[in-house]
1. Give the residue list of trypsin sites (Lys or Arg not before Pro) in region B:359-442 that are DSSP loop and have at most 14 other beta-carbon atoms within 10 angstrom.
2. Work out from phi, with θ = phi - 60° and the Karplus expression 6.51 cos²θ - 1.76 cosθ + 1.60, the ³J(HN,Hα) of each residue of region B:428-437, listed in order in whole Hz, and give x for Gly and Pro.
3. In chain B, what cysteines have no partner Cβ closer than 4.7 Å?
4. Show which aspartates and glutamates lie in cross-link reach of B:LYS215 when reach means a straight Cα distance below 17 angstrom and same-chain residues fewer than eight apart are skipped.
5. In whole Hz and in residue order, list the ³J(HN,Hα) couplings for region B:359-367 that follow from phi through the Karplus curve 6.51 cos²θ - 1.76 cosθ + 1.60, θ = phi - 60°; x for Gly and Pro.
6. Only helical DSSP H runs with n ≥ 4 go in: add -39500 (n - 2.57) per run for chain A, normalise by residue count and round the 222 nm mean residue ellipticity to 500 deg cm²/dmol.
7. If you count, for every residue in B:47-56, the Cβ atoms of partner chains within 10 Å of its Cβ, what is the mean?
8. If amide H atoms are built 1.01 Å from N in the plane of the peptide, which residues on other chains or at least 5 residues away come under 5 Å of the amide H of B:SER338?
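Every number here is computed from the coordinates shown, using simple stated rules; none is lab data. Predicted, not measured: the structure shown is a model, and the values here were computed from it. Ideal geometry is used to build each Cβ from the backbone, glycine not excepted, and the neighbour counts take in all protein chains shown.
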Amino acid sequence: MSRRFTPKVVTANDLLLGDVIYLTEQDTWTRDHSKAELIEDEAHADIRLLFASQQAGAVVGAYLADAKPGPKGPEPVHFREAFRARGPSNYAHGKQVDARA
Amino acid sequence: MYRYDEFDAAFVRNRVAQFRNQVDRRLDGSLTEDEFKPLRLMNGLYLQLHAYMLRVAIPYGTLDSAKMRQLAYIAERWDKGYGHFTTRQNIQYNWPKLPDIADMLEALADVGMHAIQTSGNTVRNVTADHFAGAAEDEIADPRPYAELLRQWSTDHPEFQFLGRKFKIAITGSDNDRAVTGAHDIGLRIVRNDAGEIGFTVLVGGGLGRTPMVGKVIREFVSVGDLLPYVEAILSAYNSYGRRDNKYKARIKITVHEEGLDTFRDKVEERFAEIRPQFTGVDQEVLSAIETHFASPKWRDAPVDAFDATYGTDPVFRSWADTNLSAHRAPGYAIVSISLKAHGATPGDASADQMRVMADLAERFGHDELRISHEQNVILPHVHKSDLPLVHTILKAHGLATANIGLASDIIACPGMDYCALATARSIPVAQDIATRLDALKIEHEVGALKIKISGCINACGHHHVGHIGILGLDRAGVENYQITLGGDGTETTEIGTRTGPGFAYDEIVPAVERIILAYLDLRDSEDETFLEAYRRVGMAPFKNALYGDSLKGSQARAA
């Protein structure tokens, strides 16, 4: 029996800046994990990943990452994705700064 | 210090222009990411977790003040005001933007630097003893040979598509400070019975998922045979190395699977073929290179100022005892500047700090700087009479931490705070261990102890050769840290042994503390180092300190 599908977000890095981005329901890209589209259907996930992968002029390395619903929107499941969503732990650089701004 | 000739300068400028064009074509859609990726990697540009990362080579770790100031300028102009010095004598910028990279490379070319072959399956930055040209125990300066190898390997048409990356390290002293036993090729300068300089050549060393200690493939290779012999090794590896499996593609696997003797036969066979092609041009080039590495004119001056400060200032004395090393010229010392202030990120220097170090090199250090694989900066030639002032200036800029070779002088890879390959964080573990050691105030009592941390199995943090090695892994979605003990990265290279089950993120610092306290309890005197004590008593007491009774009943925890 195949494994049950778990919810996902589409994530990638921005081509110009290299920072972490997420695909929204509106077909735009956001820096904020909680604003990403939470995909709960496997077939839909494939379509969304294909859509993201075709935007070669804007994004690099799109993939599906596990996510779960939270009070403010999707939240990362794995700690790697949590770090990607937050920024490095040794300096307040990257997303942590953006989040405060 | 090697200065680019016209050929070098034109070559590097040309590569910058090519890469500028490649970036433009990526941005206008003419190149796909799959097409662009190998091109950017050839120029040291990675895409990491949060941003691009530009890895700049510092050949054999040697810099002058102009180069260091330019690194500071680049950090401020295009990055976030700092740089990260790595275990391969490179500097990494963690936050560059793709449209700026060509300008950064251009700025590097302005001072004779580049990022070529800092990635990809090529011969990487050749690393060397960071005390080269200064150490009292040195047989010969390894840097001219390292520069010869750099020139030979840069854009070498036969070796641009090796089975895997290839790392060469060279030391000029019996005391191996370049970890030559853990490189694809390790070169150790020796003298033969006739008093001639040559190289003991090791092959097939490496860390990563299959750690192996390099094996001596030839006891003595003459200076004239160096390049053809190294080329013969590369050539044999290129022909016989595996390409079916990335994890079996390093030369250590080739040597291991073929057997050293069989591999040696292949190298010798190839060497016999190509040696006649080396008709002496390489030796002419070497002679020209050697003129760039002539010793500075040493100053003959009294050292009373040093002695007086040493006698009266305990902070200076502590720093002098840990951070100075014996220099070959009378009245001089080698200064190691620690980039390991307690709680700071190992290997990071701000642009301001880089400029301070550049100024010190220019004023007091014959304009020379070195980067060590241990992620510190060296002023290789400082007259002792200048040391009190040098120390005062370092102190004012957070650069006078007196911990070289001590437990808080930790090597740590960027780990999952930056690296896309990492499976766990390493920087905050290093920060927390150093902070804890500082709070306990025991590291001077503990003495020589090398802690090395890697955030994944690729072992950029050299954990296998740490006296205490820490490897961060992902265990079922949680960070988990394995400990190894007894590793050694010197001429007596040894791979550390795993203690047992790993520790959670919040358990790893107390675990390291227990190991250190156990050592203090069991050492037979203050003179017995951690490594000596471990070799005497073995794993058992440390295992007991780590796991106590819990080990007996909880094998289930085994990672």
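1. Qualifying residues, ordered by number: B:LYS441.
2. x, 5, 4, 4, 6, 5, 5, 5, 5, 4
3. When partners are defined as cysteine Cβ atoms under 4.7 Å apart, chain B leaves B:CYS419, B:CYS456 without one.
4. B:ASP174, B:ASP176, B:ASP184, B:GLU257, B:GLU258, B:ASP261, B:ASP265, B:GLU268, B:ASP488, B:GLU491, B:GLU494
5. 4, 4, 4, 5, 6, 10, x, 6, 6
6. The helix-only estimate for chain A comes to -7000 deg cm²/dmol at 222 nm.
7. Shielding by partners across B:47-56 averages 5.
8. Distant-sequence amide H within range of B:SER338: B:THR401.
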